[in-house]
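Inspection log for the structure reproduced underneath, given as structure tokens.
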Amino acid sequence: MEQLNQNQQINNTQAIFQEPPAVITSKDALYLTDMMNWNLIIAKKAALFAMNCQDEEIKQAITALGKMHEQQYDRFLQHLGLGSQPSQPSISH
């Protein structure tokens, strides 16, 4: 019983960050890259599956799923300072 209480105390004392750390480790960067890739892949697959779906109710559910993952991907870009950048004017010759 004492061991259980000690384990609970250890788990309850983990730090919760109020703001992000100033530095991202290489491990953090790899994790973020993986998460962004997963969200982008799921969003693309959902769009493809929705296009090929015959049942309208299922199509709407798949579309909503894809939009959710696309929004998550966009949120990652915003947090990384890469989202909502103004587009550069195209230069034509």
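Data table
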item	result
Region 1-57 - residue that is among the β-branched types (Val, Ile, Thr) and outside any helix (DSSP H, G or I) and, of those, modelled with the highest pLDDT	Thr25
Gln78 vs. criteria part of a helix (DSSP H, G or I), open to solvent by 80 Å² or more (accessible area, probe 1.4 Å), modelled with pLDDT under 95 and not acidic (Asp, Glu)	yes
Residues of region 45-71 that turn out to be more than 14 Å from the chain's Cα centre (by Cα) and open to solvent by 100 Å² or more (accessible area, probe 1.4 Å), as a count	8
Of all residues in region 19-40 being open to solvent by 90 Å² or more (accessible area, probe 1.4 Å) and under 11 Å from the mean Cα position of the chain (by Cα), the one that is farthest from Leu80 (Cα to Cα)	Trp38
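The values are calculated or read from the model by the stated rules, or taken from the named source; none is laboratory data. Every value quoted in this text rests on a predicted model; they were computed, and no experiment measured them. Heads up: the accessible areas ignore ligands, DNA and RNA and are worked out on the full protein's heavy atoms, side chains in. Shrake-Rupley method; radii C 1.70, N 1.55, O 1.52, S 1.80 Å.
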